[in-house]
1. Would you mind getting me the FRET efficiency between D3 and R23? Use the beta-carbon distance for r and R0 = 25 Å, nearest 0.05.
2. Among 1-11, 18-28, how do they line up by average Cβ neighbours within 10 Å per residue, starting with the highest?
Amino acid sequence: MYDGHTGRPITSMICVGPVYYQRLVQLVDDKIQSRGRGDEENLTRQPTKGRREQGVQRFGEMKRDFVI
């Protein structure tokens, strides 16, 4: 094997092997969700939970502060 910058042979031991790639089953386009307005829980005043009920993932204080 040769050095790409100098063109000289590399004298140290090099391990070479195949590299395998796989496409992930879960892609961002399938997982992303958002909402502008919708139902809220009366007690906590937070959005309802779950995509089926037009809800979103709840934000804790640290996440909220990071987004702001």
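The numbers here are math on the coordinates, done by the rules we state, and not lab data. Quick caveat: nothing in here was measured; it's all calculated off a predicted structure. Using ideal geometry, Cβ is built from the backbone for each residue, glycine included, and neighbour counts are taken over all protein chains shown.
1. 0.15
2. Result, highest mean Cβ count within 10 Å first: 1-11, 18-28.
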